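Chemist: Got a structure here, written out as structure tokens. Questions coming.
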Amino acid sequence: MLGLGSESLGLGAGYPLFTCLTLRWIMGSCQTAREPLEVQMSMKPLLLVPALLASLAAEPPSPSAFLGFPLGADRQLADYKQSSDYLRTLAKASPRIHLVDLGPTTLGQPMLMVAISSEANIKRLDHYKGIAKKLSDPRGLSEAQIEALAKEGKSILLLTCSMHSTEIGASQMALEWAYDLARTKDPEMLKRLDNVILMLVPNLNPDGQNLVVDWYRKQLNTPFEGGRLPWLYHPYVGHDNNRDWWMLTQKESRAMNRAAYFEWFPQVWVDEHQMGSTGPRMFVPPYTNPVAANVHPLVWRSVDHIGGLMSWRLEQERKAGVAYGAMFDAYWPGGTKNTAWWKNVVGVLTEVASCRVATPMEIASGELSGGGKGLERYQTQVNFPNPWKGGTWRLRDIMDYQRTAGDAALEACSNQKESLLKGRARMALDAVASGSPNQFWRIPTTAPEQRDPLAGARMAQILRENGVDVSLGKDAYFVPTAQPLYRFVKEMLEVQRYPEVRPAPGAPMLEPYDVSAWSLPLLLGAKVELVNLDEGQRASLRSMKEEDGPKGGLDKPGATIYALERTGPVASSFINAALKAGVNVRVAEATFQAKGRSYPAGTVILDGAKALDGLARHHGLALKSLDRLPEMPLAQQQSVRVGLYKPWNASMDEGWTRWILEQAGFAPKSLDNAALKAGKLAETCDVLVLPDLDKAVIMEGRMKRGDGDAKPREDMPEPYTGGIGKEGAKAIQTFVENGGTVVAVASSCEFLIDELALPVRNVLARTKSSDFECPGALLHLKVEPFHPVTWGLPADSAAFQKGRLAFQTSPSNSQVQRTVLASYPGDQRDILASGWIRGSEKLERATAAVALRLGKGKVVLLGFNAQFRAQTEATFPFLFNALHWAGLKGKDK
């Protein structure tokens, strides 16, 4: 038998099998009756191979040929390795494709982007990136220079796919689109490629694509085919990876942010998503109300133009069910294309109806429904002129709708090339003009003016990482108001007041799509102020660098005792690192005086050690030397073993909590239902953390939606079903009574209140959304700073609340001792710090956090989201201190 590999054909190693098979087929087709096959095989390759290879080089393999199955077919999916291997092959074969490695993902995979354009443009990518950069910050350019650059430059269109990994259609479509663009000979498409550089990111969550495809393949031909995963499709944050685009905590968002705002400077960012299965087939802009006031109106005009062209092309192709001006508003800055609005980038969202991953769905006309802003009913209306009538909906439909939208975006960027380039420059110059050359936001760098200098440094660094101009001067960071990203800075540094927009007189207001508050000073607990600088002060400033920040260290090397005053969450990271390094760590339980300075309760006392200086410098913390130990009892701080409950109803709050605890050095161990039911928690952990979960999820694995009853999620295979049940609840009670600590965050507090019969009740338990609603707001807190859980926290703080939870406690008794840790102000006018809330009067004087002693153990109830999306750093100490409390040894500890 003849060999099939490339080496048997004399080509050398490395050619794909389909190439070799093609060669074999051509050779075989040339065989004649007069020539033996051996003779032909000795001659034909010499004549055929060079021409064939030249043909193959000009004609890259199709995705289906490369993958070995028809891409887009029912129940067929490419995983990320297959996708990236194909794109590498395509880039090698086509001069129109340039492969870019954006950096490693959370699990270490390369996150790829392909730049697609004409061959001439690909050869001059750096040149066109340079033009885009100049137009993103055109200070110093004349109008004539801007006109010339816009004429010479190319539109840069960033199109990102399948960030939410179960929304997998775009990741498959991207391979076909790249292939077609690489080989097209259509004059119109060639014109677009000459005018536009397409930055195509086939998946913004590569790890998730593999997780989803692997689970889907395993469940094929079972009752669970096309069902949900029992774990997050991002290793830490799941669906919330599209909520990280200004805080930039995750590797994927940081990598994409660098590419967008430091390297490529696109004028347009299209983000392709999927949505539920029984509504419209697709959403394209315009968006619905409310609209963000700090965004340049040219963004909305450009968005409307591109979205309008998308819906026009979709209708021309008889793709029914396209809605606009519905469901998705233009207010919140958390997502990819949303954050871009404030950065003078035209951000466009598309959402296509889902099937069951790659399994088709039959949807009856009576199952189709509207709902949400702008489309209360599923019916013909001006923003939904051609409703889909039902039928079979499959992966191929999703890909085709997304492809049409992508082609329309490419068309718009080509036709409006100069307008988009000049528009980016105009928006930047208008932003500069909105500020004043003399006016700056000032962020102090030193205590006591900045209570936590690290919080100030963190705020400045977040702004810098978002592309903002930040300078360093004497004792402060300075952020100029006269800069291209003025609107973004203003949005981040000011408090929010959600606009009460009503679609008609007497109609209910349009409620927030996501959260309603994101004020960085409140989230981080950092001071910022507007100041005016004279010419000399401005001249003394220099640009902030990545390494700038509090340096930390020992004030007197070689001392035997040092003190660390807790002022923020980094103190906990330092404590954990010091304990790991073998440093003796103790805690002062009351205020004390030393060397003319007053130290508060909770001050960390450390024995001198060689490791301390390096640890202090690494964490940016200043350790103060003491002449002697404080004359008071000191509690011994020990390391704690942290268990974190992980339900099979994949919880984003669990993932965020796990990430935060790992970053702080707590090394949490995930505990599932079986681990809790088995008991013996004390053998595993000293403290158990319950993330923000409804009681129904913890007990039974059921989800609660709005005001309705809890409902079971889709069926899952064993062992991914149910909750901990009474068996697990009893194990937690035994764990606490025997000396363990349990910390509950937000909704999970109700589980502990009920199952441990705590003398606490939720005063909002029976309220309806019409009476009380708080969809993500920052609320003022009054903190009692004399308990181990509140050590180091300021007396006035702001907490993030997104539920219906506030406590009424009862006095301590012989079985349970309780301490109120924080409460809401007594006047409803003083409660809202930023965002929107309905029914704030119901929080007056209510308890927000409480600590209890039960038997030998401890319970901490945090009735707010202390660690929400890793954004609420000012309240991280509530959680971190609660964990340290479990490891605090001393009298009555």
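Chemist: Let me spell out the model: positive unit charges on the Cβ of Lys and Arg, negative unit charges on the Cβ of Asp and Glu, origin at the Cα centre of the chain. What dipole size does that give, in debye rounded to 20?
Modeler: Approximately 920 debye in magnitude.
Chemist: Next question. With both partners inside segment 396-489, how many of the DSSP beta bridges are antiparallel, as a percent to the nearest 5?
Modeler: Taking every DSSP beta bridge with both residues in segment 396-489, the antiparallel ones total about 100 percent.
Chemist: Could you tell me what percent of the DSSP beta bridges with both partners in segment 676-797 are antiparallel, to the nearest 5?
Modeler: 55 percent
Chemist: If Lys and Arg each add +1 and Asp and Glu each add -1, what is the summed charge of the other residues whose beta carbon sits under 12 Å from the beta carbon of Gly582?
Modeler: Neighbour charge sum, excluding Gly582 itself: +1.
Chemist: For segment 602-612, what does the Karplus curve 6.51 cos²θ - 1.76 cosθ + 1.60, with θ = phi - 60°, yield as ³J(HN,Hα) per residue in whole Hz, taken in order and with x for Gly and Pro?
Modeler: x, 4, 8, 10, 10, 6, x, 7, 4, 6, 4
Chemist: Could I ask something else about it? Might you tell me the accessible area per residue for the chain, computed with a 1.4 Å probe and given in Å²?
Modeler: 39 Å²
Chemist: In addition: Given the chain, what percent of its DSSP beta bridges are antiparallel, to the nearest 5?
Modeler: Bridges in the chain that DSSP calls antiparallel: roughly 65 percent.
Chemist: 7 Å from Cα along Cα→Cβ at both Glu535 and Glu362: what's the point-to-point distance in nm?
Modeler: Result for the modelled spin labels: 8.1 nm.
Chemist: Averaging over all projection directions, find the projected area of the Cα convex hull of segment 786-893 and quote it in nm² with one decimal place.
Modeler: 7.5 nm²
Chemist: Taking the Cα centre of each part, how many Å lie between segment 237-294 and segment 71-87?
Modeler: If you average the Cα positions of each part, the centres end up 23 Å apart.
Chemist: Whole Å is fine, so just give me how far the alpha carbon centre of segment 753-794 lies from that of segment 677-697.
Modeler: If you average the Cα positions of each part, the centres end up 20 Å apart.
Chemist: Please list the non-local residues whose amide H lies under 5 Å from the amide H of Val470, H modeled 1.01 Å from N, same-chain partners needing a gap of 5 or more.
Modeler: Long-range HN contacts for Val470: Met544.
Chemist: Convex hull volume of the Cα atoms in segment 366-438, per residue, in Å³?
Modeler: 177 Å³
Chemist: What is the Cα coordinate range of the chain on the first, second and third principal axes, sorted by size from largest, in whole angstrom?
Modeler: The principal-axis extents, from largest down, are 106, 70, 67 Å.
Chemist: How far is helix 206-219 tilted, in degrees, relative to the longest principal axis of the Cα atoms in the chain, given as a value from 0 to 90 rounded to the nearest 10?
Modeler: 80 degrees
Chemist: Using +1 at the C-beta of Lys and Arg and -1 at the C-beta of Asp and Glu, which of Leu454, Leu181, Gly525 has the Cα lying farthest in the positive direction of the dipole of the chain?
Modeler: Sorting the options by dipole projection puts first Leu454.
Chemist: Got a sec to turn the phi values of segment 668-673 into Karplus ³J(HN,Hα) couplings, 6.51 cos²θ - 1.76 cosθ + 1.60 with θ = phi - 60°, whole Hz, x for Gly and Pro?
Modeler: x, 10, 6, 10, 8, 4
Chemist: Multiply the residue separation of Phe69 and Lys133 by 0.36 nm, subtract the distance between their alpha-carbon atoms, and state the gained length in nm to one decimal.
Modeler: Contour length minus the Cα-Cα distance gives 18.9 nm.
Chemist: What relative contact order, as a whole-number percentage, does the chain give when Cα pairs under 8 Å and 6 or more residues apart are counted?
Modeler: This gives 10 percent for the chain.
Chemist: How big is the Cα convex hull of segment 286-408 in projection, averaged over all directions, in nm²?
Modeler: That works out to 7.7 nm².
Chemist: Roughly how many whole Å is it from the C-alpha centroid of segment 430-469 to that of segment 846-890?
Modeler: About 30 Å separates the Cα centre of segment 430-469 from the one of segment 846-890.
Chemist: Here is a further query. For Phe592, enumerate residues with amide H under 5 Å from its amide H, sequence gap 5+ or separate chain, H modeled in the peptide plane.
Modeler: Tyr599
Chemist: Please compute the net charge surrounding Gly334, taking Lys and Arg as +1 and Asp and Glu as -1 over other residues with Cβ under 10 Å from its Cβ.
Modeler: Overall, the nearby charge balance is -1.
Chemist: Through the Karplus equation 6.51 cos²θ - 1.76 cosθ + 1.60, θ set to phi - 60°, convert the phi angles of segment 334-345 into ³J(HN,Hα) values in whole Hz; use x for Gly and Pro.
Modeler: For segment 334-345, the Karplus-derived couplings read x, x, 4, 6, 5, 4, 4, 3, 6, 10, 6, 10 Hz, x marking Gly and Pro.
Chemist: Between helix 570-580 and the chain, what is the angle of the helix's C-alpha long axis to the longest principal axis, kept within 0 to 90° and rounded to the nearest 10?
Modeler: 90 degrees
The values are calculated or read from the model by the stated rules, or taken from the named source; none is laboratory data. These numbers were taken from a predicted model, which means no experiment stands behind them. With ideal geometry, Cβ positions are generated from the backbone for all residues, glycine too; neighbour counts draw on all protein chains shown. Heads up: the accessible areas ignore ligands, DNA and RNA and are worked out on the full protein's heavy atoms, side chains in. Shrake-Rupley method; radii C 1.70, N 1.55, O 1.52, S 1.80 Å.
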